[in-house]
């Protein structure tokens, strides 16, 4: 049996504290839960196949044309649908980064080139990537902030990447699923550089803490590209409860702002704790932290009911790299205490 390649697997063994999945520590909002519960009465009918009410809500929230919005069964669903719609022959991805880009590409027979992010540069994306964007690259996937490193892409570099992609005819996909956790994240969005040959991925999953519901959407630079992707994949890909959850989440007042505040404080607490324990980490701007340890921490901590994300299956990372989510203070303190006990034998 293949090992599950992502965090959040709380079914294989008993887990009380899941630091392996990067979900909002504030948890699923009560208002969203109530809407989801109420929507179950409507599950005797098929869901709206075009997500009309949800897309109107996203359009109003994002100040973005509804004709260029496509919803999906999580952002991962849209990754596969974009690849299916555009049928790229050669793609460029970074390493390390979210593995579903490469998985979707290779499943569709696309050749994949990797641009390696180096520890020497703190795993930050630099202008070195520009030389890798060549006319034979049909599609480029970027993650901002990157998973698992937590690093954002400076707007001036994103502008240059976008311009280079237009020059080479490369379709640019920027995954911004974690950008809502970043202070000043809106100013770092690729929205300002969106063109006919680009798209932005977003998800309700992480920031509204509804990974079990599965809901994501994409913003496209052209209605033609949006229609092309909307026509791919299964019908009724977004369930009635998922549509209700999204509409309800977008009505929340101050939830995302509170999330950014809490994550910022707790991320600093965790990073200071890792430093005190003598552990090497990559300074993060997101709701997760990549760090290094010589011990098999995922196995040792799982015995204590704590799940960490082992990152050895990320291309570009070797054995010894782990990723922890940023949780609330009580859990973060518990994690640091457990790490201290394990490290001190």
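No value in this document is a laboratory result; all are computed from the given coordinates. Just so it is clear, the structure is predicted and the values come from calculations on it, not from any experiment. Note that we place each Cβ from the backbone using ideal geometry, even for glycine, and neighbour counts take in every protein chain shown.
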Ranked by GNM mean-square fluctuation in the chain (Cα springs under 10 Å), the top entry among 276, 20, 284 is 276
If one builds a Gaussian network model of the chain from Cα atoms under 10 Å apart, the most fluctuating residue listed among 217, 80, 46 is 46
Residues 227, 35, 16 in order from fewest to most other beta-carbon atoms within 10 Å are 16, 227, 35
Counted neighbours (other Cβ, 10 Å), sorted fewest up, put 176, 224 in the order 224, 176
The chain: relative contact order from alpha carbon pairs under 8 Å, six or more residues apart, as a whole percent, is 26
Residues 168, 152 in order from fewest to most other beta-carbon atoms within 10 Å are 168, 152
With only helices counted (DSSP H, runs n ≥ 4, each -39500 (n - 2.57)), the per-residue ellipticity at 222 nm for the chain, to the nearest 500, works out to -10500 deg cm²/dmol
